[in-house]
Amino acid sequence: MHTDARDLPNGQLLEGDVCIVGAGAAGIAAALSFIGSGKRVLLLEGGGFDLEGDVQGLYRGEIVGRPYYPLEASRLHYFGGTTGHWGGYCAPLDAIDFATRPWVSHSGWPISRESLDRYYEQAHPVLDLGPYRYDTAYWQGEDARRELLPLDRRVVEEKLWQFSAPTRFGSKFRQRLVDAADVHLFTHANVVSVHANSDLSAVQHVTIRHFDGREQTARARQFVLACSTMQNVRLLLASNAQAPAGLGNLYDQVGRYFMEHLEMPAGTLALTRPQSLQLYAYDFGVTKVRAELRLSDTTQADLGVLNATVALESPSAQGEELSTFELEPPASVEQFRRETRDSLTAEMKAEGRDYNAAMVRANPLFTLVVRQEQAPNPASRVTLSRERDALQVPRARFDWQFTQLDKRTMRLLYATLGREFGRLGIGRVQLRDWLIEDDNTWPAVVSGGWHDMGATRMHASPRHGVVDADCKVHGLANLYLAGAGVFSTAGAANPTLTIVALALRLAEHLRTRL
């Protein structure tokens, strides 16, 4: 069922068993789980079925820390959310990501990787992925071209990615939700505040507001905020009529520990003899699975570093100036990959060859693009700006910060790869100049993966996190959060698969409670 909330009269009350705020990957995945359940679900989406400038403008915010992408461009505010422009990269988090690592402050989840496996598997068809298999032996099969690099896997090993089409939730699931009898989708229903009972132990209702000032109220037994990492923070902090610091923020945890993936070229690999690289190759829209390189869990522990992977990207031109990225950063890593792929494809065609053939048996320079988690850092945070949006909600104020462990990890990752390739006599790795020094200095521009994570992190204690192991906000009996904001650590995997898996897990929990 669908209603454009702009057509509702001022003051109308909407009622359901579950109210889900936000219809992106997390909100839609959770709502789909209730189809046929007999429970009435309200799915409130602030945008419509297409992008609209005034709605997208609500996401504009203030950046006061390290330079970052414009906040209004980093997330899409319409039905389907940011799946409208994601790249389709999917991989589960590693077991080490959930562990408490003594060398990583604030690490550890209150759940294990094993507890998520069945939800990861359930998420695969939602994202149009292949079988839930991420072992190299399965994907190598009988194809001799898919042989692995001759590395010591006690030191360096492969991590596999599968690639979604990528699935656009807005187009794939629109009709199914519109036709559902027990899910009522309201578009143009921007929630501006969450209201609790008098003792702040449970949520009673949320307020929807329109650009013309009209309002509606949504009441339910259970509430799920699935508005994206920054917007969930913003909504909790702005709901401060009863609790001055905002809901769920008794210990000043809401907004802290914001994490991104550091995704950038930081070195070059020169192969000294040809290697079979098909399993490591990537061609947008064609590749279904790809291997990247990571330090083994043992090596990470021995070096005291974070989790990260390195991709072997399209061959670079001989004599590349290694500081180019610092001076002319690409708009995104996806743009970087697309431009290098397109350039290589043109060269291959001119020489009567093709892209994949070049990656199978080649002897060029490769750009090494890192995808690395950030150390959980309470100083990296989202707060409220003094400026308000068109609906009179304070905008987000974003202070992105790094730690010395972030840079140390990247430096030791590349150095370890260099030693391993050198030991084998198959290649040499050159680091970017800025990465050589063991300090916390960075280029003027550092590329993120457009992955907002943390800031409402999962932890057993309200003194160190915002939600518990069930994604329930500490201290509020019926308020839950969905999305990458609940990640305790970021891992090296792109977040969408884990977002959907956690949303399916949360929906199962709510169905049990109801």
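A few points about this structure:
- Looking at ALA477, ALA460, ALA415, just one residue is open to solvent by 10 Å² or more (accessible area, probe 1.4 Å), assigned to a helix (DSSP H, G or I), more than 28 Å from TRP86 (Cα to Cα) and among the aliphatic types (A, V, I, L, M), and that residue is ALA415.
- All positions within the stretch 279-318 that are open to solvent by 10 Å² or more (accessible area, probe 1.4 Å) and part of a loop (DSSP other than H, G, I, E, B): TYR282, ASP283, PHE284, GLY285, VAL286, THR287, LYS288, GLY304, ALA317, GLN318
- Counting residues in the stretch 166-176 that are in contact with a strand residue (DSSP E or B) (Cβ under 7 Å, 6 or more places away or on another chain) and either farther than 23 Å from LEU71 by Cα or not polar (S, T, N, Q) (or both) gives zero.
- GLY108 meets each of the listed conditions (1) in contact with a helix residue (DSSP H, G or I) (Cβ under 6 Å, 6 or more places away or on another chain); (2) surrounded by 15 or more Cβ atoms within 10 Å (Cβ to Cβ) apart from (1).
- Of all residues in the stretch 372-388, those that are of a type in the set (Asp, Glu) and surrounded by fewer than 20 Cβ atoms within 10 Å (Cβ to Cβ) total 1.
- Among (1) at pLDDT 95 or above; (2) closer than 28 Å to ALA396 by Cα; (3) in a loop (DSSP other than H, G, I, E, B), the one test that TRP103 misses: (2)
- Of the residues making up the stretch 210-248, those that are touching a residue at least 60 places away in the same chain (Cβ under 8 Å), farther than 23 Å from THR83 by Cα and part of a loop (DSSP other than H, G, I, E, B) are HIS210, PHE211, ARG214, LEU247, GLY248.
- Scanning the stretch 391-412 for residues that are within 30 Å of THR207 (Cα to Cα), touching a Gly at 6+ places or on another chain (Cβ under 8 Å) and open to solvent by 30 Å² or more (accessible area, probe 1.4 Å) yields ARG397, ASP399.
- Where a residue in the stretch 495-514 is without any contact (Cβ under 8 Å) to a residue 60 or more places away in the chain and surrounded by fewer than 24 Cβ atoms within 10 Å (Cβ to Cβ) and its partner, wherever it lies, is outside any helix (DSSP H, G or I) and not aromatic (Phe, Trp, Tyr), with Cβ under 6 Å and at least six apart: HIS509/ASP470
- Consider the stretch 41-54 and keep the residues that are in contact (Cβ under 8 Å) with a residue 60 or more places away in the chain and either in a helix (DSSP H, G or I) or among the acidic types (Asp, Glu) (or both). The one that is nearest to ALA73 (Cα to Cα) is ASP54.
- Taking the stretch 134-184 as the range and being polar (S, T, N, Q), open to solvent by 50 Å² or more (accessible area, probe 1.4 Å) and in contact (Cβ under 8 Å) with a residue 24 or more places away in the chain as the test, only SER171 passes.
- Sole residue being part of a loop (DSSP other than H, G, I, E, B) and open to solvent by less than 40 Å² (accessible area, probe 1.4 Å), chosen from GLY65, GLY38: GLY65
The values are calculated or read from the model by the stated rules, or taken from the named source; none is laboratory data. Computed from a prediction, not measured in an experiment: that's the story for all the values here. With ideal geometry, Cβ positions are generated from the backbone for all residues, glycine too; neighbour counts draw on all protein chains shown. Keep in mind that these areas ignore ligands, DNA and RNA; they rest on the heavy atoms of the full protein, side chains included. Shrake-Rupley method; radii C 1.70, N 1.55, O 1.52, S 1.80 Å.
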